[in-house]
Amino acid sequence: MATRQSVEEHIQQCEDAIRNAQEQFNKASMQEHYEDESFTSSMQQLEQAYNDISKLALSCNGQQREQLHRMRLQLQQVQNNMILLDH
């Protein structure tokens, strides 16, 4: 079973990835193609965070699994926004 601390650490990692991706999204929407490497890096960070919490969810209790599921939905939403950005 996953510990509360490991779940909190992974959620913090996800929140950091989301914050970074939103910054890159905002920059990309204003600057177009100038920061492509940072933009791609933030998308990779989102994907890694998503994969990490998916693995962690396998060893969680129901409440933790629900918390991680909500975080996965947030990550997917940010990923979708970045993919759909016309930059």
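A few points about this structure:
- Number of residues in segment 3-30 that are within 10 Å of S42 (Cβ to Cβ) and among the acidic types (D, E) equals 1.
- Test result for Q48, touching an Asp or Glu at 6+ places or on another chain (Cβ under 8 Å) and either more than 16 Å from I18 (Cβ to Cβ) or touching a residue at least 12 places away in the same chain (Cβ under 8 Å) (or both): no
The rows are residues; the columns are (1) farther than 12 Å from Q13 by Cβ; (2) modelled with pLDDT of 90 or more; (3) under 13 Å from the mean Cα position of the chain (by Cα).
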site: S38; (1), (2), (3): yes, no, no
site: E47; (1), (2), (3): yes, yes, yes
site: Y50; (1), (2), (3): no, yes, yes
site: I53; (1), (2), (3): no, yes, yes
site: C60; (1), (2), (3): yes, yes, no
site: E66; (1), (2), (3): yes, yes, no
site: Q76; (1), (2), (3): yes, yes, yes
site: D86; (1), (2), (3): yes, no, no
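The values are calculated or read from the model by the stated rules, or taken from the named source; none is laboratory data. Since the model is a prediction, treat every value here as computed from it, not as a measurement. Reconstructed Cβ throughout: ideal geometry from the backbone, glycine too, with neighbour counts over all protein chains shown.
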